[in-house]
Amino acid sequence: MAVEIVPQYGVGGVERVVMGKDDIPALLVRPETDLSRPAALMQHGWTAAKEDFLPLALLLATYGFVSLLPDAWGHGERLPQVGPTWKTQQSADYFLDVVRYTAGDIGAALTWLAEQPYVWSDALVIGGFSMGAMAALVAGTEDERVAAVVSVSGSPLPDLANVTMLGTNTPSAANQQWSREHDAAANIARLAPKPLLIQHGRHDDMVPVEGALRLYAAAQPHYAAHPDHLALMLYDHTHTVVEAQLRDALIWLAPLFAETASPARDDAPAHAEG
């Protein structure tokens with residue numbers, strides 16, 4: 001039976017913040033409440049910027065999430081003035097460099113979020129679209145502070161070795177080794193049984209759906225005791241995200257996420273009975 005969820009909060013405005021030793025620029029959107037709330041860090045995709053996810057951040061805030069949108073490494077305000085950029089460098093190696101550095105930046109952003117008095121430090125969701133989802137999967141399977149991961153059109157890194165959108169060359173031996181070491185499917189036991197939502201288009205023409213299917217298959221044994229914490233949602237489209245997916249994600253994640261709240265927290269939501 002479908003669960004009906006409705007917005008419960010106003011939005012307290014959009015704030016620009018910088019985080020970590022590298023001064024990572026980000027947009028912060030907070031719900032209008034005096035209580036601390038869970039946080040959702042959403043990472044944009046390849047060639048995009050933090051502003052592209054602003055509608056999603058505003059939506060998440062109305063459902064009570066403090067939303068953080070960082071610029072990925074080499075993107076947005078961080079686009080290099082000299083040297084290679086995503087505008088000039090189409091190669092698997094450069095793409096994997098961006099994923100690697102962005103995954104590291106997610107760790108710095110989590111540190112910043114956990115220090116904010118209006119954030120539940122034990123309730124940090126991360127997610128993203130495409131390249132952002134890949135970075136989120138790496139961070140989510142390697143950073144114990146992550147409470148849940150949402151991957152939209154993402155993939156474990158080894159499944160991208162022959163994706164032609166990244167150029168006709170294959171990754172260097174060093175990057176192939178790094179991809180194997182940070183394979184979210186191989187490392188999924190580090191995340192389980194924390195909630196994992198995988199959304200993907202069946203006809204994705206940029207990030208093949210096979211990577212998402214492999215991730216889901218690898219995850220299933222680790223979620224046997226908590227099958228409601230794992231979901232695969234497939235859609236009849238290509239490399240995009242539609243409004244229905246956002247609603248599906250909220251309907252699935254919100255009730256599960258409430259259950260991760262610490263019982264000792266004064267402003268934690270009551271646990272559902274039954």
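Bear in mind these aren't lab numbers, they're just calculated from the coordinates by the rules spelled out. Small disclaimer: the values here were computed from a predicted structure and weren't measured. Positions of Cβ are generated from backbone atoms using ideal geometry, with glycine treated the same way; all protein chains shown enter the neighbour counts.
Only helical DSSP H runs with n ≥ 4 go in: add -39500 (n - 2.57) per run for the chain, normalise by residue count and round the 222 nm mean residue ellipticity to 500 deg cm²/dmol. All intermediate terms of the calculation are to be shown ahead of the outcome.
Details: 6 runs with 78 residues, N = 274.
Result for the chain: -9000 deg cm²/dmol, rounded to the nearest 500.
Testing the spin-label approximation: label points 7 Å from Cα along Cα→Cβ at Tyr118 and Asp205. State their distance in nm.
Rounded to a tenth, the inter-label distance reads 4.2 nm.
About the Cα centre, and with charges only on the beta carbon of Lys, Arg (+1) and Asp, Glu (-1), how big is the dipole of the chain? Nearest 20 debye, please.
Working: 16 positive and 32 negative charges, 68 e Å.
The dipole of the chain has a size of about 320 debye.
Between Arg16 and Glu181, how many nm apart are label points set 7 Å from Cα along the C-beta direction?
3.6
Which one of Ala26, Ala219, Pro84 is farthest out on the positive end of the charge dipole of the chain, using unit charges on Cβ (Lys, Arg +1; Asp, Glu -1) and the Cα centre as origin?
Pro84
Could you tell me the calculated FRET efficiency between Glu243 and Thr47, based on Cβ-Cβ distance and R0 = 22 angstrom, to the nearest 0.05?
On the way: r = 22 Å, r/R0 = 0.98.
Result of the calculation: an efficiency of 0.55.
Among Thr102, Gln176, Ser121, whose Cα sits farthest toward the positive end of the charge dipole of region 11-258 (+1 at Cβ of Lys/Arg, -1 at Cβ of Asp/Glu, about the Cα centre)?
Ranked along the dipole, the leading option is Gln176.
Would you list which lysines come within 21 Å of Lys87, measuring only between C-alpha atoms, while excluding same-chain residues fewer than 8 positions from it?
Candidates past the 8-residue exclusion: Lys50.
Neighbour counts of other C-beta atoms within 10 Å: give me Phe95, Phe129 arranged from fewest to most. Each step should come with its number before you reach the end.
On the way: Phe95 23, Phe129 28.
With the fewest neighbours first, Phe95, Phe129 line up as Phe95, Phe129.
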